[in-house]
Structures are given as structure tokens and as C-alpha cells.
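The values are calculated or read from the model by the stated rules, or taken from the named source; none is laboratory data. Given the structure is predicted, the values throughout are model-derived calculations rather than measurements. Cβ: placed from backbone, ideal geometry, glycine included. Neighbour counts: every protein chain shown. Accessible surface is based on the protein model in full, side chains and every heavy atom, while ligands, DNA and RNA are left aside. Shrake-Rupley method; radii C 1.70, N 1.55, O 1.52, S 1.80 Å.
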Amino acid sequence: MKNKLTNIVLILLLQLIATHSAFSQQSTNLSPDELFNAARNIPKEKENYPKIISTLKLALQKSPDYADVKIFLGRVYTWNNNLDSARYELNQVLAKEPKNIEAHAALVDLEYWNQNFRRALDHANQGLLYDPSSTDLIVKKAKILAAMKDDRKAVNFYNDHKELDTLRGFLDLLKRDNTKNMVSAGYEYIYFDKRFPDPWQFAYADYSRNTKIGYVSGRLWYSNRYNKNGLQGEIDAYPVLSDKIYTYIGVGASPSSIFPKFRAGASIYFMLPKKFDGEMGFRYLNFNPVESYIAVLGLGKYIKNWYINIQSYISLISQQPSQSHTLNVRYYFSDRFNLIGMQIGTGVSPDDRIRNIDQTANLKSYKFGLNYSRDVAKNLAVGASGLWYYEEYATKTWGNQIGLSVNVNKRF
């Protein structure tokens with residue numbers, strides 16, 4: 001019985017080797033065109049990329065200067081995140097054929113998808129020198145300019161090519177993104193089942209402007225809690241340092257005891273490889289006499305239309321050390337005004353103006369929230385959110401807190 005089983009295994013192995021040998025022989029006998037077509041017909045899925053690459057390499061062994069094969073190989077390398085190999089293949093094509101628009105377009109895509117916008121723009125401009133009427137490169141350049149936040153140049157560039165039908169749908173996006181001003185208003189109502197007999201209420205008004213250095217905004221908060229009314233003013237700015245680095249600087253002050261007497265913060269945000277981004281910063285809160293110095297750490301990643309972010313706040317010097325950790329998940333329908341999101345975490349962050357008031361005890365809390373925002377008219381977005389806290393408001397005494405909010409913003 002054992003010998004019979006061994007014979008069956010040997011027969012199967014011999015058949016597999018023979019099949020592989022026949023396939024290899026068949027591939028070897030194919031012409032470069034046939035190999036190219038075979039590679040293009042393989043499903044474009046990650047597990048198939050090695051097979052596509054090996055097929056294209058075999059075609060290049062037979063025809064080393066086959067430009068279309070090299071361009072397709074460059075694109076597959078790009079999809080597989082072999083960026084240096086992709087650049088090599090595509091630049092090899094341009095070294096022999098400087099006017100090859102497909103190679104220029106592939107390099108533009110490679111750099112654009114990896115958020116190297118200036119490199120992408122250089123490749124688009126170089127390609128347009130050889131073919132100023134290339135619709136593909138025109139659209140790509142407009143998108144690059146928009147991604148670089150150079151919206152005015154993007155719209156002007158579109159206007160120079162508005163006779164192209166393929167750009168008409170892109171104009172609305174550019175005009176929407178070309179807004180420089182935004183006014184916002186919001187309201188939140190918070191219910192407590194145990195901690196307080198009366199609800200808390202908040203409202204704010206905000207004005208933001210997109211300047212040469214980045215967004216700058218001023219905001220006025222109103223609050224009613226503990227049967228007291230209070231106001232807090234804030235100024236925030238988001239200076240852009242480069243394509244991959246921008247910052248946050250903010251200050252706020254209030255004469256009311258239900259807000260921090262003074263608050264300040266700063267962060268630096270930087271793009272990382274593979275569509276990751278990071279944040280490092282600090283926050284300062286002065287509740288007179290309690291003061292808190294808090295470190296901020298964040299890590300996020302884009303996956304198609306999804307954005308996943310983990311953010312932590314850890315007190316450094318404080319009478320009451322504390323930590324807050326939050327997982328945010330957002331799905332963008334188009335831009336930051338059109339999304340659905342979820343958050344789950346522990347603790348109250350110093351950036352939560354509404355709830356960060358009690359610095360006299362190091363107590364625990366858990367939270368879960370949902371938020372939604374959509375444009376209901378041109379450049380007019382409406383949003384709503386809900387946030388549930390299960391909080392330890394006194395030692396080993398827990399209660400529920402439910403907040404419901406609405407907001408509206410108009411860009412112009």
C-alpha cells in the first residue's frame with residue numbers, strides 16, 4: 001500500500017513538472033507581441049503582479065527596446081510599490097524616445113499617487129512641451145495643481161484648455177476647491193443620566209480663510225454649564241512648510257471659569273511612505289491654578305477613500321496626569337466636507353473644548369461616536385454627530401453622557 005501511494009505521488013510530480021516544462025516551452029516560443037498581450041490579459045491583482053512582471057521581462061529579453069512593454073512594466077512596478085524599478089524602466093523609454101507621452105503620463109501617475117507633487121508636475125510639464133494638446137496630461141496637471149493647493153493656477157490652467165470636453169466635469173471640483181473663505185456655525189446638546197441634573201449647551205461661530213501660508217481661522221465659543229454662561233475666543237493657523245509638511249498653531253483665552261483661562265497648542269504633520277502620515281505636538285491648558293502640559297502623537301493611513309488615524313494625548317507635567325487615546329475611521333465621499341466617520345477611545349483630549357474642563361481628578365472614561373457631513377448645495381455643507389461617554393465622574397462612580405450636535409459651513 002505504501003509503495004502504491006509513493007508511486008501515485010511520483011506520477012503526480014512528474015505530470016506537474018511536465019506541465020510546467022510545457023508551459024515554459026510554450027512561453028519561450030511566444031513572440032514579444034504575444035507575451036505582451038498575455039501579460040495584459042492576466043488579471044491586475046496583487047498576487048498576479050510577479051507573473052505579469054516575469055512575462056514582460058521575457059518579452060524584453062526578446063525585444064529589449066520594446067517601449068510599450070517597458071511602460072507597462074513600469075506601471076506594474078508602480079502598482080507593486082517597486083518605485084525605483086518603475087522609474088528606471090520609464091526613464092529608459094524616455095532616454096530613447098523623449099516624446100513618448102505614455103511614458104511621461106506613467107511617471108506623472110507614479111509621483112502623484114505617492115504624493116510627490118512637484119516631481120509629478122515636472123513630468124507633466126515636460127510631457128506637455130512635446131504634446132501641448134495631450135488631454136491626459138492636461139487633466140493630470142490640473143489635478144496636481146489642485147493637490148498642491150495652488151487652486152488659482154489650477155483654475156487658470158483649466159480656463160486655458162476649457163475647450164476640452166473631458167475637463168468640464170473637473171471644473172466644478174476646481175471651482176469648489178478654489179474657495180478662499182469659510183464661515184461655520186454649530187450647536188451641541190449634552191445629556192447626563194447621573195452626573196448633572198441640567199444639560200450642557202454649546203454654540204460656536206467660526207471664520208476661516210485660506211491664505212498664502214495656509215488656513216487661518218478665528219472662533220468664538222459660547223457655553224452654558226453648571227448654570228453658568230461663558231465665552232472663549234480662539235485663533236488657529238495651519239502654516240504649510242512643504243508638499244509633505246504642514247503645522248498647526250493655536251491659542252485661546254476666556255474670562256470664564258467654565259473654560260480654560262488660556263490654552264495653546266502646536267503640532268507638526270508630515271507625510272510618510274505608503275500613504276501614512278504622522279503628528280507630533282503639544283498642548284497647554286491653564287485652568288487657574290491647575291496647569292497641564294500634554295504631548296500629542298498621531299499616526300494615520302489612507303486606504304483608497306478611507307482614512308484611519310490613532311491619536312494619543314499624554315500629560316507630561318500636570319497636577320493630575322492623564323491620557324487619552326482615540327481611533328478615528330473616516331470614509332470620504334469626495335473631500336473633507338463629505339464624509340462619514342466613527343471614533344472610539346478612552347479619556348478626554350485637550351482638543352475637546354466642550355468636555356475638557358475638569359482637571360481636578362484623574363478619572364476614566366470611554367467613548368464612542370459617529371459623525372456625518374455632506375454638501376446640500378454648492379459649497380454648503382451640513383453635518384451631524386453623536387458622541388456617547390461612559391465616564392467615571394467620581395471614584396468608582398460611573399454615568400452616561402450623550403452629546404448630539406449639528407453644524408453648517410459655507411465656503412466662498
**Complete:** A chain fully extended from LEU297 to ILE402 at 0.36 nm per residue, minus the present Cα-Cα distance, gains in nm 35.1 nm
**Asked** Just for the Cα atoms in region 267-412, what are the lengths along the principal axes, largest first, rounded to whole Å?
**Response** 47, 35, 28
**Message:** Between LEU231 and LYS194, how high is the FRET efficiency from 1/(1 + (r/R0)^6) when r is the Cβ-Cβ distance and R₀ = 30 Å? Nearest 0.05.
**Reply:** 0.60
**Asked** What length, rounded to one decimal in nm, is gained on full extension from SER242 through to HIS325, with 0.36 nm per residue of separation minus their alpha-carbon distance?
**Response** 27.0 nm
**Request:** Averaged over every viewing direction, what's the projected area of the C-alpha convex hull for region 249-324? Give it in nm², one decimal, please.
**Result:** 6.0
**Request:** State log₁₀ I(q)/I(0) for region 40-112 at q = 0.16 Å⁻¹ as given by the Debye formula over alpha-carbon point scatterers of equal weight, solvent excluded.
**Result:** -0.50
**Message:** In whole Hz and in residue order, list the ³J(HN,Hα) couplings for region 98-104 that follow from phi through the Karplus curve 6.51 cos²θ - 1.76 cosθ + 1.60, θ = phi - 60°; x for Gly and Pro.
**Reply:** x, 9, 6, 5, 4, 5, 4
**Message:** Only sites in a loop by DSSP and with at most 16 other Cβ atoms within 10 Å count here; which trypsin sites (Lys or Arg not before Pro) in region 264-338 make the cut?
**Reply:** LYS304, ARG336
**Asked** Mean shadow of region 286-338, computed from the convex hull of its alpha carbons, in nm²?
**Response** 4.7
**Message:** Can you give me the accessible area per residue for region 248-289, using a 1.4 Å probe, in Å²?
**Reply:** 49
**Contour excess over end-to-end distance, with Cα ends at ALA205 and MET148 and 0.36 nm allotted per residue** = 17.7 nm
**Complete:** For the ILE42, VAL376 Cβ pair and Förster radius 45 Å, calculated FRET efficiency rounded to 0.05 is 0.50
**Prompt:** Name the residues of region 72-105 whose amide N is less than 20 Å from a point 7 angstrom out from the Cα of ASP65 along the C-beta direction?
**Reply:** 72-74, 88-104
**Prompt:** Using mean Cβ contacts within 10 Å as the protection proxy, how do 49-60, 369-380, 216-227 order, highest first?
**Reply:** 49-60, 216-227, 369-380
